[in-house]
Amino acid sequence: MDTGIIFLLGVYFVPLALVSAIAAWADGRRPYMALGLASVALGLVLLASVLRPDGSYGLRDIPLLSVEYLVRIWQAF
């Protein structure tokens, strides 16, 4: 799997973790799912940064990587 995909998965799990944390807070529950998603997101981002031969990814890379992989998916069909 490409390190860009791993990085994007990690980045896109962060908003899901935030939504889960807010929902748990609103319902008066403990945010177990939010903690799990945040842990997975952090692990994926760190894994992608370690495996990338050129160095780590940054926030500036997110839009370019997103468009690049959307184009790849579009070309597959």
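List the residue pairs whose Cβ atoms are under 9 Å apart, where the first residue sits in the stretch 7-18 and is part of a helix (DSSP H, G or I), the second is surrounded by 15 or more Cβ atoms within 10 Å (Cβ to Cβ) and of a type in the set (S, T, N, Q), and the two are 6 or more positions apart or on different chains.
Qualifying pairs under 9 Å: PHE7/SER49.
Inside the stretch 56-77, can you point out the residues that are part of a helix (DSSP H, G or I), free of Cβ contacts under 8 Å to residues at least 24 places away in the same chain and of a type outside the set (Lys, Arg)?
Within the stretch 56-77, PRO63, LEU64, VAL67, LEU70, VAL71, ILE73, TRP74, GLN75, ALA76 meet the criteria.
Mind telling me which of the residues ARG60, ARG72, ARG52, ARG30 ends up being exposed (fewer than 13 other Cβ atoms within 10 Å of the Cβ), touching a helix residue (DSSP H, G or I) at 6+ places or on another chain (Cβ under 7 Å) and not aliphatic (A, V, I, L, M)?
ARG30
State yes or no: is TYR69 over 12 Å from the mean Cα position of the chain (by Cα) and at pLDDT below 95?
yes
The values are calculated or read from the model by the stated rules, or taken from the named source; none is laboratory data. Being a predicted model, the structure only gives us computed values, none of them experimental. Neighbour counts run over all protein chains shown; Cβ positions are idealised from the backbone, glycine included.
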